[in-house]
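Everything below concerns the one structure shown next.
The values are calculated or read from the model by the stated rules, or taken from the named source; none is laboratory data. These numbers were taken from a predicted model, which means no experiment stands behind them. Neighbour counts run over all protein chains shown; Cβ positions are idealised from the backbone, glycine included. Accessible surface is based on the protein model in full, side chains and every heavy atom, while ligands, DNA and RNA are left aside. Shrake-Rupley method; radii C 1.70, N 1.55, O 1.52, S 1.80 Å.
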Amino acid sequence: MRTLGKAAVEVNRSENIGPYQFGNDSRVPCATTRAREEFGPAARLTKVADWFERAIAESESNEAARDLDWARTPIGDPSTWPPALRSAVQMCFGTQFPVLVAWGDELTMIYNDAFRMMLGRDLHPRAMGARLADIWGGIWPTMGPRVRDVLETGRASWDVDLPLRIRRSGFVEETRFTFSLSPLRDADGSVSGIIDIAWETTDVVVDRRRLRTLRTLSTALGSIGDDTRSIPAVTSEVLTASSDLEGAQVYLREPDGTFPAAHPRYTGLVADAVREVAEVALPRWVGTTLVAPLSSTPDPAGVIVLDGSSSYPFNDTQRSFLALIAHSVDSALSHSLTHQREVATVQGVSDALQEAIAPGTPDSPRWAVRYRPADHHLSIGGDWYDVVTLDNATYGVVVGDCVGHGLEAAVLMGQLRSAGRALFLADLGPAHTLTDLDAFASTVPGAECTSVFCGIVDTDAGTVTYSSAGHPPGLVVGADGTARWLEDARGAPLTIATRRRTEAVAALSPGDTVILYSDGLVERRGESLREGFARLERYALELVPQHDLASLPDALLAALVPGVAKDDVAIVVYRAGP
C-alpha cells in the first residue's frame, strides 16, 4: 500500500493553519481565489478537460469547479487524473447524495451540490480544490483519526449522528452528521484518497431533543396542580437542563399587582420588553429572545423570557420551539388559575353544605369525632357520622360511607344521614333502622352499596347494640390494654341485602374505648383489609393510653393517614364511664 504524505493524515500545525474551527482559516486561499486575484473573476486559466466538463455539466457547483485552476492544486489538471479519480468524481457529481472526494497526498477536496449545502455560508467555493486539513482544521482532532484509519487500513468508517462543532456561517455551530469514509484505490490497489458520503442530521437530532424537552416540561407542569407559585421554579429546572436554550425566566404577578424585577442578566431592551409585555399582553422579540405574556385574560398573570441558543441558526424552527415553550407554560398557568377559581367556588359551596348537613360535636364529653375529606380543598365528602341523643342514658351512633367522594357524594350523605337520624328517633333499634334505611336508599339514585355501621350505646347498661351493613367493624380497646372487634351482626351494604338484618350486643367496661370509622382509615392500595385492620389495632393499643378522648381522633389520623388523604375518613370515638 502506498503511503500518503503526512499532510493527509495529521493535523497541520503550521503557522499558516493553526487550530481553527471548521472553515475558520480564511488566510489559506484556494486555487480559485488565487486565480481570481491574478487574472480577474471571469478568468478561466485552462480549457476544462472534456470528461470533466461532462461530469460537472448538470451541477450547480460547476462554476467553482470550472473556474478553479486545477493545475495549481496538488492533484493537477483533470486531464491528468487517473481513472480511479475520474470515476469517483463522475459518481460524485452524478448523485443527489452529499459526496466529498479527497485525493492525493494533500487530500485535495472535490464535492457536489448536496455536500456544498453542508459547507454553510462561508466555506464554498474556497473549499473546492483545498486541502482537507485546511478546511477541517477545527474538527481535525475528531476527523483526523478516522481519515488516518481509512488510509492506513483500507477499511471504511461509519458514524451515526456524530456531534461536531463547526464554524461555517460566521459562528460556532453544533451539528450532527451520519457519514461513511471509504477508501479510494488507484490502479495498483493502493489507497490514494477517500470518499465521504455524508448526511447532515442536525435538524433531526435537535428536533427530537426539543420534543423531549417539551414533553418533560409538559409533564412537570402537569404535576403541580394549582400550585401556581411553583411554575417559575419548575420551568427553570427543566429548561436549564436543555442545551437548546441559553436562558429562561418566568415572572408572576404579585398579589399586589406588581411584577418582580427582571433578572440581572436581562437589561436594556429585554428589561424594557418585560415591562411592556406585562402591560400590553403582546409578545415581543428582542434579537433571539422571546418575551411573551402568560395567562393574559384579562391582564397578564405572568411574563416568560426565553433566550434562543446561539449554537444554531436563529430561524423559523428555533422561533417555533421557543413559542411552543411559552405556550406550554401559558397553558399550565391558565389551567392552574382556572382550577383555583373553580376550587374557590366549590369551597364556598362545600362550606355551606358542611354547615347545613354535617353534625356538630356531641354534647357529652364521652364522645369525640373527626371528619377528613379526600380532597383537602373541600370541607365535606361522602363519608358521614352522627351521634344522636335518644335519652339521658342512650345514644344512637352511625358511621356511613357513600360510594365516591366530593360534592355529589356529600349530597347523598346528607340525605342518608337525615333519614338515619329520623329512624333513630323512632327508637326502632339498629337492625330495624338499617332495614328501613335499605328501603329509603333504594329510592335515591347513587345510594346503592352504601356501607353503614349503626349502634345504640346504653351508658346505664354498659353495652353497645349494633348492626353493620357492609361496614368495617368497630374496635374496642379495653381499659385492661386488650382489643376486640365488633364483628358480629354483619350484613350486605344498603339496597343489596338478601337476608334479614341482625344485631349484636357487646359489653363495655368503664374506661373501654370504642373506635368507629370509615374505610379510608384502614384501606391502602396494594394491600389487604386484614393488614389495614392489624395496623389500626396496633396503633390504637399504643395511642389510646397516651391521649385523652379529645385528641385521640387526631392522633389516629396522623398515624394512619399521613399526608393528603386518598379517601374520605370519618372517626367516632366513645369512652365508657363508671
Check: Any chance region 298-321 includes a residue that's modelled with pLDDT under 85, within 25 Å of I224 (Cβ to Cβ) and under 25 Å from the mean Cα position of the chain (by Cα)?
Finding: no
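Please find, within region 445-455, the residue that is modelled with the lowest pLDDT out of those that are surrounded by 17 or more Cβ atoms within 10 Å (Cβ to Cβ) and in contact with a Leu (Cβ under 7 Å, 6 or more places away or on another chain).
First, pick out the residues of region 445-455 that are surrounded by 17 or more Cβ atoms within 10 Å (Cβ to Cβ): 447, 450-455.
Restricting the remaining residues to those that are in contact with a Leu (Cβ under 7 Å, 6 or more places away or on another chain) gives 447, 450, 452-454.
Values: A447: 85, T450: 90, V452: 94, F453: 96, C454: 95.
Only one residue tops the list, namely A447.
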Next item on the list: Note down all Cβ pairs under 8 Å where the first residue falls in region 131-148 and is closer than 17 Å to T175 by Cα, the second is in a helix (DSSP H, G or I) and of a type in the set (A, V, I, L, M), and they're at least six residues apart or on different chains.
Entry: W136/M143; W140/A133
Next item on the list: Looking at (1) at pLDDT 95 or above; (2) open to solvent by less than 80 Å² (accessible area, probe 1.4 Å); (3) more than 30 Å from A461 (Cβ to Cβ); (4) not hydrophobic (A, V, I, L, M, F, W, C), find the lone condition where T495 falls short.
Entry: (1)
Checklist line | Residue, surrounded by the fewest Cβ atoms within 10 Å (Cβ to Cβ), within region 534-578, restricted to residues that are in contact (Cβ under 8 Å) with a residue 60 or more places away in the chain and basic (K, R) | finding: K566
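Matching residues to (1) within 16 Å of F453 (Cβ to Cβ); (2) of a type in the set (G, A, S):
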position: L494; (1), (2): yes, no
position: A504; (1), (2): yes, yes
position: G511; (1), (2): no, yes
position: L521; (1), (2): yes, no
position: R530; (1), (2): no, no
position: D548; (1), (2): no, no
position: D567; (1), (2): no, no
Notebook entry, point to check: Of the residues that make up region 195-208, is at least one in contact with an Asp or Glu (Cβ under 8 Å, 6 or more places away or on another chain), more than 20 Å from L162 (Cα to Cα) and surrounded by 13 or more Cβ atoms within 10 Å (Cβ to Cβ)?
Noted result: no
Check: Hey, does region 225-232 have a residue that's of a type in the set (D, E), in a helix (DSSP H, G or I), surrounded by fewer than 16 Cβ atoms within 10 Å (Cβ to Cβ) and touching a residue at least 40 places away in the same chain (Cβ under 8 Å)?
Finding: no
Next item on the list: Among the candidates S14, S87, S59, S26, single out the residue that is under 22 Å from D188 (Cα atoms) and either among the hydroxyl-bearing types (S, T, Y) or at pLDDT 50 or above (or both).
Entry: S87
Note to self: If a residue must be hydroxyl-bearing (S, T, Y) and not in a helix (DSSP H, G or I), how many such residues does region 67-103 contain?
What the structure shows: 2
Notebook entry, point to check: Looking at region 528-542, is at least one residue at pLDDT 95 or above, basic (K, R) and part of a strand (DSSP E or B)?
Noted result: no
Next item on the list: Would you please name the residue that is most open to solvent (accessible area, probe 1.4 Å), looking only at residues in region 411-442 that are in a loop (DSSP other than H, G, I, E, B) and at pLDDT 85 or above?
Entry: S442
